[in-house]
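Encoded as structure tokens, the structure appears first; notes follow it.
Laboratory data are not the source of any read-out in this text; all were calculated from the coordinates shown. Everything quoted here is computed from the prediction, not taken from an experiment. A quick note on method: Cβ atoms are made from the backbone with ideal geometry, for glycine too, and the neighbour counts reach across all protein chains shown.
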Amino acid sequence: MKEGQASRTAEVAAAWRAAESMKPESERVCYDPLAHHFVRMPLRILVRSRFLTKVALSYSQRRSPGGFDCMGGRTRYIDDCLKSCIGDGIQQLVILGAGYDTRAYRFDELEGKVKVFEVDHPATQRVKMEKIKKIFGSLPEHVVYVPIDFENQKLDKRLFESGYDKNLKTLFIWEAVTMYLTPEAVEETLAFVTQNSGKGSSMVFNYIFQSVIDGTSKWEYAEKMRRARERSAEPFKFGIAEGTIDDFLSARGFHQVNNVTGQFFKDAYFKGANQNRKLCCLCGFAHATVKPRRDLERYHSS
């Protein structure tokens, strides 16, 4: 991300959600009716036209087959995790690297019951807050905006200053963020979650496969994507090897790991009118619960 500029990646993701949300209910994989508000011209013109959207998606499919559809599966899966956690009685929601995530505003069950902390880079967050004010007239009372530079500021300090309560049952959403952070920043964030959250807290996040970063991925377009990110203001920096997520998270204080791949998305979400859509995920997805405190104490003392 360039200094002082909002994330372009966050806007592209919002544009995709907006385009997907325009489809009839029977054809869409995810639904975000607020996403179009975060898209500037000319992308807004594109997502409002089903014809132009089809042309753009056809072009993207040629460049990165199935990549954008994987984003739809990702959004839907995290939405489903949030619904489940709300039903299980979470008291706080922390969205790390929130970008233009709209869950705090489209899940009515959160208002008045769950305090939401949106943690993000100041430049992107300023743009988002301005948009939210235009949409709703004011900033919602249940949302706390926490500006942070993940690589130069400490998450614990910024969250605690903003009213975060480490004793409450919390869900952490970390969507499309880890791959842009240094390994050190990832480790610090995971350590914060396990050491500063209440009983039954959990985290849902996605991560890019290490093979994409080191150039050994079997997928044809992985190398193109890696090089494109290197030329961008938001290059890939962190990955996790395929098939190792359970051990990776267990070693860092998590258990009950729900390990999800693109095949799960295909089986769960891409049915009926969507069954022939291509799907290729170069990411893994996980929803994991923080180990009980007594287990964590044994882990940190060993």
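Per-residue HN-Hα couplings for region 237-246, Karplus 6.51 cos²θ - 1.76 cosθ + 1.60 at θ = phi - 60°, whole Hz, x for Gly and Pro?
10, 9, x, 10, 5, 4, x, 10, 5, 4
Provide the FRET efficiency to the nearest 0.05 for the residue 227-residue 191 pair, computing r from the beta carbons and using R0 = 41 Å.
E(calc), rounded to 0.05, equals 0.80.
Write down Rg/Rh for region 65-301, rounded to two decimals, with Rg from the C-alpha atoms and Rh from the Kirkwood relation over Cα pairs.
Rg/Rh for region 65-301 comes to 0.95.
Once label points are set 7 Å from the Cα along Cα→Cβ at both residue 113 and residue 293, what is their separation, rounded to one decimal in nm?
The modelled label-to-label distance comes out at 2.6 nm.
If the reach is capped at under 20 angstrom between alpha carbons, list the aspartates and glutamates near residue 131, excluding any in the same chain fewer than eight residues apart.
Result set, ordered by chain and number: 11, 32, 101, 108, 111, 118, 120, 141.
Got a sec? How would 171, 279 order by Cβ neighbour count within 10 Å, fewest to most?
Lowest to highest Cβ neighbour count: 279, 171.
Using the 10 angstrom Cβ neighbour count as an exposure proxy, how do 161, 111 rank, fewest first?
161, 111
How big is the antiparallel share of DSSP beta bridges in region 65-301, given as a percent to the nearest 5?
Taking every DSSP beta bridge with both residues in region 65-301, the antiparallel ones total about 40 percent.
Between residue 256 and residue 184, what is 0.36 nm times their sequence separation minus the Cα-Cα distance? Round to one decimal in nm.
Stretched fully, the residue 256-residue 184 segment lengthens by 23.5 nm.
How much length is gained if the chain between residue 23 and residue 138 is pulled fully straight, taking 0.36 nm per residue apart and subtracting their Cα-Cα distance, in nm to one decimal?
Working it through step by step, the gained length comes to 38.5 nm.
Label-point separation (nm) for residue 149 and residue 165, each offset 7 Å from Cα along Cα-to-Cβ?
3.3
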